[in-house]
1. Return the total of residues in segment 87-119 being within 15 Å of Leu141 (Cβ to Cβ), of a type in the set (A, V, I, L, M) and open to solvent by 80 Å² or more (accessible area, probe 1.4 Å).
2. Condition test on Thr33, is it surrounded by fewer than 15 Cβ atoms within 10 Å (Cβ to Cβ), in contact with a Lys or Arg (Cβ under 8 Å, 6 or more places away or on another chain) and modelled with pLDDT under 95?
3. Do the conditions hold for Lys46, that is, is it open to solvent by 100 Å² or more (accessible area, probe 1.4 Å) and modelled with pLDDT of 95 or more?
4. If I filter segment 8-23 for residues that are closer than 16 Å to Glu130 by Cα and at pLDDT 75 or above, do I get at least one hit?
5. Could you grab me the full set of residues in segment 51-78 that are surrounded by 14 or more Cβ atoms within 10 Å (Cβ to Cβ) and under 25 Å from Gly9 (Cα atoms)?
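The values are calculated or read from the model by the stated rules, or taken from the named source; none is laboratory data. Bear in mind the structure is a predicted one, so any value in this text is a computation, not a measurement. Cβ coordinates were reconstructed from backbone atoms using ideal geometry, including for glycine residues, and neighbour counts include every protein chain displayed. Surface areas here come from the heavy atoms of the whole protein model, side chains and all, with no ligands, DNA or RNA. Shrake-Rupley method; radii C 1.70, N 1.55, O 1.52, S 1.80 Å.
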Amino acid sequence: VERARSLEGVQKRVRDLEAVIEELKTQKPNCKTINQLESVVKKLQKEPLSKSAQATTWDPRWDHNDGQMGVQWNDYDSPCLQRIWFRLIPQGKGYVLNVNTHWRSRDHLKAVPHNIFAVLRGIVEPVRQELQATFNAPVIL
């Protein structure tokens, strides 16, 4: 019974999202996507000591979930990872990549190991590798 309710909830969210997508097609809003990690890399390539190389997951159009976009979900949580900030610190002939994250919440029993792996392998490591290739110098964590 619980599994059926869960499936019904997922199906309802999919229908809600489909309705929003159709609505957005008619409104022609500015819904361009931005590769924020690419922006972070470009910023640090141009200004290695920049303090403004950051990415955010929060989208106030949706994450307030207050109905302003024409839909409101009953079972919705905004992203747990809110912001990720990258800084390069000169060290020897290379850099240390310093990464700070801000989180809305942390589920220490289930999500933390997965989040750590995803942030390090899926976000931080590609940025580090790109910067290391650009500078042709070591970039370590």
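1. Selection size over segment 87-119: 1.
2. Working: surrounded by fewer than 15 Cβ atoms within 10 Å (Cβ to Cβ): yes; in contact with a Lys or Arg (Cβ under 8 Å, 6 or more places away or on another chain): no; modelled with pLDDT under 95: yes.
For Thr33, the condition - surrounded by fewer than 15 Cβ atoms within 10 Å (Cβ to Cβ), in contact with a Lys or Arg (Cβ under 8 Å, 6 or more places away or on another chain) and modelled with pLDDT under 95 - is not met.
3. Details: open to solvent by 100 Å² or more (accessible area, probe 1.4 Å): yes; modelled with pLDDT of 95 or more: yes.
For Lys46, the condition - open to solvent by 100 Å² or more (accessible area, probe 1.4 Å) and modelled with pLDDT of 95 or more - is met.
4. Taking segment 8-23 first, the residues closer than 16 Å to Glu130 by Cα are none.
No, segment 8-23 contains no residue that is closer than 16 Å to Glu130 by Cα and at pLDDT 75 or above.
5. Here is the first cut: in segment 51-78, the ones surrounded by 14 or more Cβ atoms within 10 Å (Cβ to Cβ) are 53-55, 57-58, 62-63, 65, 69, 71, 73, 78.
Those that are surrounded by 14 or more Cβ atoms within 10 Å (Cβ to Cβ) and under 25 Å from Gly9 (Cα atoms): Thr57, Trp58, Trp62, Asp63, Asn65, Met69, Val71, Trp73, Ser78.
A quick yes/no check of all residues on (1) under 30 Å from Glu18 (Cβ atoms); (2) in contact with a Cys (Cβ under 9 Å, 6 or more places away or on another chain); (3) at pLDDT 80 or above:
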{"position": "Gly70", "(1), (2), (3)": "yes, no, no"}
{"position": "Asn74", "(1), (2), (3)": "yes, no, no"}
{"position": "Leu81", "(1), (2), (3)": "yes, no, yes"}
{"position": "Arg87", "(1), (2), (3)": "no, no, yes"}
{"position": "Leu97", "(1), (2), (3)": "no, no, yes"}
{"position": "Arg104", "(1), (2), (3)": "yes, yes, yes"}
{"position": "Leu120", "(1), (2), (3)": "no, no, yes"}
{"position": "Glu130", "(1), (2), (3)": "no, no, yes"}
